[in-house]
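Step one of this worksheet: look at the structure below.
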Amino acid sequence: WINRGEPAGKAAFDAGLREKDIIVAVAGQPLTMDIREFQMHVKLNYKVGDVLPLTVMRDGRKHDVKIRLVE
């Protein structure tokens, strides 16, 4: 679920993230953390205005998504 009513959700959707996408990599590194660890990783390593590069699986294919962080 992507909350497009909030700036962060709108930015993610506009960057290409879609519902049911599965994040498999962050900045080219395989994702080996749970959701809380992922959120902490983003907060510790990125700031507002940075671009978060993700690789997601969608319909059995990998897609690269670059989300500019807001708020």
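Laid out as a table, the results:
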{"read-out": "Trypsin sites (Lys or Arg not before Pro), loop per DSSP, at most 15 other Cβ atoms within 10 Å - longest free stretch of the chain", "value": "21-46"}
{"read-out": "Estimated 222 nm signal from helices in the chain, with DSSP H stretches of n ≥ 4 weighted -39500 (n - 2.57), rounded to 500", "value": "-8500 deg cm²/dmol"}
{"read-out": "Extension gain, Trp1 back to Asp64 (0.36 nm per residue minus Cα-Cα distance, nm)", "value": "20.8 nm"}
{"read-out": "Heavy-atom accessible surface of the chain: percent carbon and sulfur, 1.4 Å", "value": "52 percent"}
{"read-out": "Relative contact order (percent, whole number), the chain, Cα cutoff 8 Å, 6+ residue spacing", "value": "36 percent"}
{"read-out": "Where Rh is the Kirkwood radius over Cα pairs, Rg/Rh for the chain", "value": "0.93"}
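The values are calculated or read from the model by the stated rules, or taken from the named source; none is laboratory data. These figures come from a predicted structure and were not determined experimentally. Backbone-built Cβ (ideal geometry, glycine too); neighbour counts: all protein chains shown. In case anyone asks, the SASA skips ligands and DNA or RNA and just uses the protein heavy atoms, side chains included. Shrake-Rupley method; radii C 1.70, N 1.55, O 1.52, S 1.80 Å.
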